[in-house]
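Below is one structure, written out as C-alpha cells, with a few remarks after it.
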Amino acid sequence: MSQRGPVPEAPLDLAKRSGPGMFSLTDKPQAQEVSGKGKKINSYNIIFMGMITSSVLVIASMRLLNRPIATAEASETISYDRPDIDPKRQAQQERMLASLQNTQTTLNVDPKMLGYTPMLTRERRVDPVSAAAPAPKQMDPAEKARLELASKRKSEFEKLELSGTTLGRVPVARINGELFKIGDKVGEIFTIKAITQRTVELTHQDSTFVLEQHEKGKDGKPGKSSIRRLPPQ
C-alpha cells in the first residue's frame, strides 16, 4: 500500500466563488435603494437650509448698507439721527411744524352745537341759482355806441373856447386862439357850419351845436364859452 502525500488544493477562483457572506470580483456594487419618504425628508432639509442661508445673507446686506431692518412693530416717531437726512432740511421741517402749530386755533363753536344737524325746511333751504349774484346785463350795442359818442362829444366840448368872430365877405371865428372859416374842421369831430356874431354853429353827423361867446368878466377876460345842441330840423 503506497502512501500518498497531501493532495494540492485547486487554486481558489474568487471570481466564481459565491455564497452566503461571500462576494465575487465580477459582481457590480448595487445602489442602495432609498424609499420615497426619505427623498421627501432630504428635499425639505435642503429647502430649509436654503431659506436660512438667504435670510442670513439679507440681514448681512442690510447691516452693510446701514439700513434699518423692518420689524413687526413700527416706530411711531421719526428718527432724524440718520446720515441720509440733511440737517438743513430737518431744521426747515421743524420750523414749518412749529409755525403750523402756532397758527392752528380751536373753533369758536358752542359744544352743544357739535354734531347737531338741523333739518332744513322748505323755507330755510337756499336755492343756489337765486342766491347767486345776478349776471351783468348785456348792453344793447346801439345804446352802447350812443353813450360812447356822447362821452366823446362832451370831452371835445370842454376843449373848445370861442374868443371872437369877424363878419365880412369871409366870416372868421377865433377858437382856441386859431382862426377858422366855414367848412373847416375844429378839433377831431366837429365842422364849422355857420359863423354869426358871437356864435358858431358846429356839426357832427346829423347833429348841430351852437358854440356861444360870453361877455367879458370884471377882469376884462372873456368868459367861458358855452355850447348847446339845436333841435333837429
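Brief remarks on what is shown
- Cα-based shape type of the stretch 148-229, given that a ≥ b ≥ c are square roots of the gyration tensor eigenvalues and the cut on a/c is 1.5: oblate
- Here's how it looks for Asp184: its modeled amide H is under 5 Å from those of Ile192, which are all 5 or more places away or on a different chain.
- If R0 is 35 Å, the Cβ-Cβ spacing of Lys185 and Gln138 corresponds to a FRET efficiency of close to 0.50.
- Estimated inter-spin distance, Asn176 and Leu57, nm [label 7 Å along Cα→Cβ]: 9.6 nm
All of the numbers you see were taken from the coordinates with simple rules; none came from a lab. Given the structure is predicted, the values throughout are model-derived calculations rather than measurements. Note that each Cβ is placed from the backbone with ideal geometry, even for glycine, and that neighbours are counted across all protein chains shown.
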